[in-house]
Amino acid sequence: MRSEKINWKLLIVVTVLVILVMNLSQVVSIIQTLWGAISSLVFGAMLAFVINLIMRPIEEQLSKSKAKFIQKAKRSISLLVSIVIVIAVLAGLVWLVVPSLIDAGEVMAKVVPKYFEQGQDFFNRLFKNNPDLVDTINSFNINWKEVTDKFMGFLSSGVSGALGNAVGVVGTIVSSVVNTIIVIIFAIYVLLDKQRFVNLYHRACNLWLKPETKAQITQALNIIYGSFSSFICGQCLEAFILGSTCALGMFILHLPYPLMIGTLVGVINIIPMIGAYIGGAIGMFMVFTVSPWLSVVFLIYLCILQQFESNVIYPRVVGRSVGLPGIYVMITVVVGGSLAGVAGMFLGIPIMASVYKIVKIYFKEAEDRKQMHSKEEEEENVQPSAE
């Protein structure tokens, strides 16, 4: 009797999985330790990926120059220009948003007590036939000076506590600064030396993999790169469309802070689907400092705009940019958000787009192989006449 051949690869995989499950707590601890060691490098690689989206077209344009100096230093020049662009954009956003937020906070501190008193007077007149309820409403007297003093005291105690733990605070700040510097430096090194990593990949694949396997992996990596780069560009385009539309509508409706709130809504909208609501809440707070009625108008307008954006603009712009049907975009955002929060919503779409394209290619190749196999079988079954 012929003995059955043992699938050693499957046996090893199953054994490893069983060992990992039986020692799950130790595995999680090891993963956390490894993540702490490489997290700065991972974030640096992510930053390099984003900057490279700006750097790559600049470098391609510089490659057309005939000047020897530019040809020799094109990568350094394109990296420097890209970093300057990123810093300029961030500085512009801060310049547009932060001063208006500070002004709105100062105005809010002045107008809230007045609105509170007006609200009390309104409810007193509304329920004047119910003395008990009027007394309850009047019992909500707030000493705003006392509130301010307590808030300042809280800040003072917080500062005192921080000073009391100065070593820990300084250590945290230094650690954050060092990690940020490592992220930036590593991103710069990756961008300046990116061709070295590409060559290393090809050498490793040529050494250890078959040509067919290398071609499949390269194709998958190109799909993943295209999906992530298209997603980031699509997010920026969609945020620009939403921010511009929001600002334009606010201009038409004569609402305050149109440019600042439009910018804020557009930037925070980078968080898929729910970002505009977060920006809208901040915008409503700012409009409220000018007029409570106008804040209601702004809320209604933004809800209508957000529904249009979530159901029409976002699936079409982002879905089309990554090559993913709109229905899959909405499913991915819902599922990814429930599994991993904002990170799941943000990363889920390009990951889903990559899987969708790879599976689509696999199905197409499998169908072609099946059709070819069926055709070969039909040709073998049809025998010529022996006459």
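The values are calculated or read from the model by the stated rules, or taken from the named source; none is laboratory data. Owing to the predicted nature of the structure, the values given are computational and were not obtained by experimental measurement. Note that each Cβ is placed from the backbone with ideal geometry, even for glycine, and that neighbours are counted across all protein chains shown.
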Looking at (1) more than 30 Å from residue 290 (Cα to Cα); (2) at pLDDT below 80, find the lone condition where residue 73 falls short.
(2)
Hey, does region 314-334 have a residue that's surrounded by fewer than 21 Cβ atoms within 10 Å (Cβ to Cβ), at pLDDT 80 or above and not aliphatic (A, V, I, L, M)?
no
So residue 254 clears everything in (1) at positive phi; (2) in a helix (DSSP H, G or I) except one condition, right? Which one?
(2)
So is residue 241 surrounded by fewer than 21 Cβ atoms within 10 Å (Cβ to Cβ) and under 18 Å from residue 350 (Cα atoms) or not?
no
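Let's see how each residue does on (1) hydrophobic (A, V, I, L, M, F, W, C); (2) surrounded by fewer than 18 Cβ atoms within 10 Å (Cβ to Cβ); (3) not in a helix (DSSP H, G or I):
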site	(1), (2), (3)
43	yes, yes, no
55	yes, no, no
66	no, yes, yes
72	no, yes, no
77	yes, yes, no
Enumerate the pairs (first residue in region 175-190 and farther than 15 Å from residue 50 by Cβ; second residue anywhere and crowded, with 17+ Cβ neighbours inside 10 Å and of a type in the set (Gly, Ala, Ser)) with beta-carbon separation below 6 Å, excluding pairs fewer than 6 apart on the same chain, so at least 6 apart or on different chains.
179/40; 182/40
Close pairs (6 angstrom Cβ cut-off, 6 or more residues apart or separate chains): closer than 18 Å to residue 97 by Cα in region 232-261, among the acidic types (Asp, Glu) and in a helix (DSSP H, G or I) anywhere
242/309
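Here is a yes/no grid of residues against (1) touching a strand residue (DSSP E or B) at 6+ places or on another chain (Cβ under 8 Å); (2) under 22 Å from residue 47 (Cβ atoms); (3) of a type in the set (A, V, I, L, M, F, W, C); (4) in a helix (DSSP H, G or I):
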residue: 222; (1), (2), (3), (4): no, yes, no, yes
residue: 266; (1), (2), (3), (4): no, yes, no, yes
residue: 279; (1), (2), (3), (4): no, no, no, yes
residue: 304; (1), (2), (3), (4): no, no, yes, yes
Result of the Cβ filter at 8 Å on region 44-70, keeping first residues that are among the hydroxyl-bearing types (Ser, Thr, Tyr) and partners that are buried (at least 18 other Cβ atoms within 10 Å of the Cβ), at least 6 apart or interchain, is 63/74; 65/74
